[in-house]
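Data block below; observations after.
The values are calculated or read from the model by the stated rules, or taken from the named source; none is laboratory data. Fair warning: this is a prediction, and the values are worked out from it, not measured in the lab. Don't worry about glycine lacking a Cβ; one is built from the backbone with ideal geometry, like all the others, and counts go over all protein chains shown.
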Amino acid sequence: MSEGVYENSDGFEDNKPNAMKNTDIDGQLYGNVAAFKPSPRVGVVASDNRAIKDSEDKRNTLFQSFSLYKINATEERDQLQTSYNNLTKERDQLQTRYNNLSRERDQLQTRYNILTREKGHIQAKLFVIEQHCQKGWRYFDSSWYFLSTEKKTWEESRQDCLERGADLVIINSNKEQTFLFNLHMRAWIGLTDSVTEGTWKWVDDTTLTTGYWGTGQPDNGGLFSGQEDCVEIYYGQDDPVKTWNDDKCGTYHNWICEKAL
């Protein structure tokens, strides 16, 4: 028995049954095949890598899209800002123009109002001129003068002037005095001292400051007359600024009315 064992050992004889031998061979083959199969973990890693790459690609695409959108939005914002600035400037220019036109309109309105008033005044003057020209009035230096063709007392003469919307003439200057002198009339004027002797006043109650008395006048009628309290202008003198004479107020003379425009 011992010899059989050693004999098998020397000849590398295997005492295992054939079925067991086959099983060992199959196991080795299966092990070898199994060694060449990819690990399930390797597939998962590859899938994860693809997912990561896809995610990165999407992120890059989104980033590029966002960057492009940001650039476009910035350009659009700048364009809108430029448009806004231009519109603001145009609005300010229009406002300035509007203000200028408003001032011009107000100035024109003021001018129109002035011209309207002047037109009214001119029409009123023309009406007066038409009326006076038909009734024997004469115009000189912004006043109308009525020259009577009949004779009355000083008081009656003044009343006639008042009824005509005027009064006995008040002489205010050398020019007016010369104009009246050149009419060649002997006529009552609006000067008297009937209230206070020696205090000569015009019919508008102003005191005489500059007189155009004839030589030796006023004399109140001299020693034999007296009570000469009203003044006449007469042309029988050489000097046009020395033509006044005091006379009795009840004397009948022509008269001169004055109406200022």
(Q) Suppose we filter segment 184-220 for residues that are in contact with a helix residue (DSSP H, G or I) (Cβ under 8 Å, 6 or more places away or on another chain) and more than 13 Å from ILE171 (Cβ to Cβ); how many remain? (A) 1
Q: Could you grab the pairs with beta carbons closer than 6 Å, sequence gap of 6+ or different chains, first residue in segment 151-163 and closer than 14 Å to LYS259 by Cα, second one buried (at least 17 other Cβ atoms within 10 Å of the Cβ) and among the aliphatic types (A, V, I, L, M)?
A: ARG158/LEU168; CYS161/LEU168
Q: State yes or no: is GLU150 surrounded by fewer than 17 Cβ atoms within 10 Å (Cβ to Cβ), on the phi < 0 side of the Ramachandran plot and acidic (Asp, Glu)?
A: yes
Q) If you take the residues in segment 98-131 that are more than 29 Å from LYS259 (Cα to Cα) and among the aliphatic types (A, V, I, L, M), which one is farthest from the chain's Cα centre (by Cα)? A) LEU108
Q | Output for segment 150-174, where each listed residue is farther than 23 Å from THR207 by Cα and at pLDDT below 95 | A | ARG164
Q. For segment 190-224, what are the residues that are among the β-branched types (Val, Ile, Thr) and in contact with an Asp or Glu (Cβ under 8 Å, 6 or more places away or on another chain)?
A. THR192, THR199, VAL203
